[in-house]
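Right, one structure below, let's go through it.
Read-outs throughout are calculated quantities, based only on the coordinates presented, and are distinct from any laboratory measurement. Worth saying up front: this structure is predicted, and the values here are computed from it rather than measured. All Cβ positions, even for glycine, are placed from backbone atoms using ideal geometry, and neighbour counts span all protein chains on display.
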Protein chains: 2
Amino acid sequence: MSTPGRGLHGHVLDSLGPAITGGEYPPGSVLRTDELAQHFEVSRSVMREAVRVLESMHLVESRRRVGVIVRPKCEWNVYDPQVIRWRLAGADRPHQLRSLTVLRSAVEPVAAGLAARHATAGQCAELTECALGMVANSRGHQLEGYLIHDMAFHRVILTASGNEMFARLGDVVAEVLAGRTHHEVMFEDPDPAAVTLHVQVAEAVREGDAARAEELTRQITVGALQELDILAP
Amino acid sequence: MSTPGRGLHGHVLDSLGPAITGGEYPPGSVLRTDELAQHFEVSRSVMREAVRVLESMHLVESRRRVGVIVRPKCEWNVYDPQVIRWRLAGADRPHQLRSLTVLRSAVEPVAAGLAARHATAGQCAELTECALGMVANSRGHQLEGYLIHDMAFHRVILTASGNEMFARLGDVVAEVLAGRTHHEVMFEDPDPAAVTLHVQVAEAVREGDAARAEELTRQITVGALQELDILAP
DNA sequence: CGAGGGAAAAAGTCAGACTTATATGTCACA
DNA sequence: TGTGACATATAAGTCTGACTTTTTCCCTCG
């Protein structure tokens, strides 16, 4: 996704980033630039660039005479797509997935409501197409086809909301959905009720019924929460 | 806030970052590392580190034989606190403020609901203290005192939600609230109804009434939307 | 036992040379 | 005249070595 391993410092990040987010270097750990440069067999310049990037993600802090210190998790830029990807690929995956699903449950209903007001005719058409694609792939173990349309559906909703910050969550939601299909338990066909809800959301957006689009999407996200046993007692 | 101007490359970022987010270099603009290094009177190494950071924020893309290209706004990492700060400080401010307020309206109610379930006794106490502070400063043009307690209130709610992604929005919300007091029109004392709502939210959280905390917080955020003329017709 | 000063360590900075990828222009050939 | 291969120029990428600066730690001295 996006820009992988661009240049040497990119390769270093692909190794070091996941190692940090994965807890291999616990918060408070002190790394030294020279050692890292030797370990990754790159020059200090390249290593320094990599450290700068990690620093901009608030994963580490560089201090003179001390070294590169791993920051506590609560200070990380957890919205950085790169950080999210690293965490989803590592031991933190279940925790990250729960956080993101809760975020979805907050954002997506509101986004759907806004989409009902702001969506262009083209976006409405896209949405309907996605929903139909989901229906068409909802039976007979066509999980991949279903996933593609599901991801596209949510991406269109978030984009059509007209809010740039919602729109940028498209990639994240896509990755959560992909994770559910690929890594988590998903042997059977998708829940027919969920499929119907998507179709109805597309309808509501097309008709400009914001309240209905929001409520229906809320039901979708409640389903996602229940899948992860995030209850509402 | 956080880590300003750390080192030479930090100073470069403080100039170049706002220039890019402020539209001084429109998307598609091509910058050259050597020129920039001369302009900022730093070595190429330092300039390269700065470019790497901008690249990790998806503000620019570095291509061989071409230069450093400014990416279109829709690709920026708009959740990066640094980017948010730069945009809030520039011409993009009103737009950014609206985006963030819409985000708040999605996130904060859900966060309050979760806080009602997960808040510790200490957090409940903090919350009550903040609400009382708001009441105490709600009359007689004590805007600064009111602001401090308001920011703290929302930060506690977001933290107490137990969701790391919500918690990291504390800084952002604080900056939005501060902006409203300092930059936008805020001559009079705060709306008494808003003050009451905060007190009631604190109550609801203390009593573990998630639905009520959520609904009351939704009313608070609706007020924030109305202040910016973001209607719901 | 505390304050002050010195030494060491690691990041920070700089300059210069070299490598690599790639956009672009040129020229021959169809 | 159009098209493809090839040469060239360019700017980023990389490496190395020397030097500076800050900050911690420790040792001495009062």
Q. At what distance in angstrom do the alpha carbon centres of region A:90-125 and region B:1-64 lie from each other?
A. 32 Å
Q. Which whole-number percentage describes the relative contact order of chain A, with Cα contacts under 8 Å and a sequence gap of 6 or more?
A. 19 percent
Q) Going by the alpha-carbon gyration tensor, a ≥ b ≥ c the square roots of its eigenvalues, is region B:92-227 rounded (a/c under 1.5) or, if a/c is not under 1.5, prolate (a/b greater than b/c) versus oblate? A) oblate
Q. Residues of B:71-81, mean number of Cβ from any other protein chain within 10 Å of their own Cβ, rounded to a whole number?
A. 4
Q. Taking a spot 7 Å from the Cα of A:His183 along the direction of its beta carbon, which residues of region A:84-113 have an amide N less than 19 Å from it?
A. A:84-105
Q | Chain A residue with Cβ closest to the axis mapping A onto B, distance in whole Å | A | A:Tyr79, 2
**Q.** From the C-alpha gyration tensor of chain A, square roots of 5λ in Å
**A.** 39, 18, 16
Q: Starting from the Cα gyration tensor of region B:1-54, take the square roots of the eigenvalues, sort them a ≥ b ≥ c, and report rounded, prolate or oblate (rounded when a/c is under 1.5, otherwise prolate if a/b is larger than b/c, else oblate).
A: oblate
Q. Sequence-distant or interchain residues sharing an amide H contact under 5 Å with B:Leu31, placed H: which?
A. B:Val68, B:Ile69, B:Val70
**Q.** Helix-derived mean residue ellipticity, 222 nm - over the protein assembly as shown, DSSP H n ≥ 4, -39500 (n - 2.57), to 500
**A.** -21500 deg cm²/dmol
Q: Quantify how strongly other chains surround peptide B:154-161 by giving the mean number of their Cβ atoms within 10 Å of each of its Cβ atoms.
A: 0
Q: Please give the average number of partner chain Cβ atoms lying within 10 Å of the Cβ of each residue in B:97-107, rounded to a whole number.
A: 5
Q: Shortest first and in nm with one decimal, please list how far the A:Gly7 label point sits from its counterparts in the other copies (point 7 Å along Cα→Cβ).
A: 1.4
Q: Take each of the peptides B:221-228, B:51-58, average the number of other beta-carbon atoms within 10 Å over its residues, and list them starting from the highest.
A: B:51-58, B:221-228
Q. Dividing the convex hull volume of the Cα atoms of the protein assembly as shown by its residue count, what figure in Å³ per residue is obtained?
A. 160 Å³
Q) With the Cα gyration tensor of region B:117-172 giving a ≥ b ≥ c as the square roots of its eigenvalues, does the rule (a/c under 1.5 for rounded; else a/b larger than b/c for prolate; else oblate) give rounded, prolate or oblate? A) oblate
Q: Report, for A:Ala136, each distance to the same residue's label point in the other copies, shortest first and in nm; define the point 7 Å along Cα→Cβ.
A: 6.5
**Q.** Label geometry 7 Å along the beta-carbon vector: A:Val66 inter-copy distances in nm
**A.** 4.0
Q: Sum up the charges of everything whose Cβ sits under 14 Å from the Cβ of B:Ala210, counting Lys and Arg as +1 and Asp and Glu as -1, but leave B:Ala210 out.
A: -2
